[in-house]
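The structure under discussion appears below in the form of structure tokens.
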Amino acid sequence: MAKHQIDYLSSGGLPIALTTVDKLVNWGRSNSLWFLTYGLACCAIEMMASGGGRFDFDRLGTIFRASPRQAEVMCIAGTVSKKHAPFVRRLYDQMAEPKWVISMGSCANTGGLFNTYATVQGVDRIIPVDIYLPGCAPRPDTLIYAAMMLQRKIRSEPMNRKISAKRFV
Ligand code: SF4
């Protein structure tokens with residue numbers, strides 16, 4: 001039987017990959033983002049389209065889930081009314097840590113064209129937002145780009161990321 005011997009000193013060094021636990025965990029997290037399905041208005045149609053065959057959101061490891069306990073990314077797609085705001089907050093609280101939020105569209109970002117007494121003027125008044133996605137409505141490929149930006153953000157965060165306590169109205 002042939003005997004293979006490798007001289008590590010002359011052939012590029014030992015086959016050891018050096019990394020940190022933070023990088024390893026964040027790499028796993030960033031490649032399996034499970035989205036809470038949370039469509040509120042017209043932006044939700046674009047969010048749904050991103051999961052279809054034409055855009056194929058799943059290829060990033062993103063899976064839409066219908067339960068906050070099985071999701072780690074909340075994508076607020078559409079107009080948030082003040083009547084609905086407590087439910088948004090409750091669902092966010094029910095998600096396990098670590099969790100992230102994408103605000104999709106002008107309505108979710110700032111209230112959009114609905115500068116009225118009944119509309120929340122930005123979902124960041126209720127929950128912390130990680131990525132703001134501009135547009136009315138942002139196209140599915142923009143949401144895919146936002147997910148890729150979120151992946152990059154997760155990879156650069158410490159593993160035991162904690163959201164600082166904040167008082168939201
Ligand atoms: S940003 Fe535009 S498309 Fe999105 S929910 Fe508001 S009005 Fe509809």
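Here are the numbers for this structure:
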| item | result |
| --- | --- |
| For a label point 7 Å along the Cα-to-beta-carbon line of Arg59, residues of region 123-155 with backbone N under 14 Å | 141-142, 144-145, 148 |
| Gap separating the Cα centres of region 106-135 and region 70-93, nearest whole Å | 11 |
| Surface per residue (accessible, 1.4 Å probe) for the chain, Å² | 61 |
| Within straight-line cross-link reach of Lys153, aspartates and glutamates at Cα separation under 12 Å, skipping those fewer than 8 residues along the same chain | Asp130 |
| Estimated vicinal HN-Hα couplings, Hz - region 110-126 in sequence order (Karplus 6.51, -1.76, 1.60; Gly, Pro = x) | 9, x, x, 7, 9, 8, 10, 5, 9, 10, 5, 8, x, 6, 6, 7, 10 |
| Translational diffusion of region 46-121, µm² s⁻¹ [Kirkwood Rh, Cα pairs; Stokes-Einstein; 37 °C; 0.692 mPa s] | 241 |
| Projected-area mean, the chain, by convex hull of Cα positions, square nanometres | 14.2 |
| Net lengthening on full extension, Gln5/Cys42 (0.36 nm per residue, minus Cα-Cα) | 7.0 nm |
| With every protein chain in place, region 15-164: carbon and sulfur % of accessible area (1.4 Å) | 59 |
| Gained length - Ser32 relative to Gln121, 0.36 nm times residue gap less alpha-carbon distance | 29.0 nm |
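The values are calculated or read from the model by the stated rules, or taken from the named source; none is laboratory data. All values derive from a computational prediction rather than experimental measurement. No Cβ is skipped: glycine too gets one built from the backbone with ideal geometry, and neighbour counts run over all protein chains shown. Note: accessible area is taken over every heavy atom of the protein model, side chains too, but ligands, DNA and RNA are not part of it. Shrake-Rupley method; radii C 1.70, N 1.55, O 1.52, S 1.80 Å.
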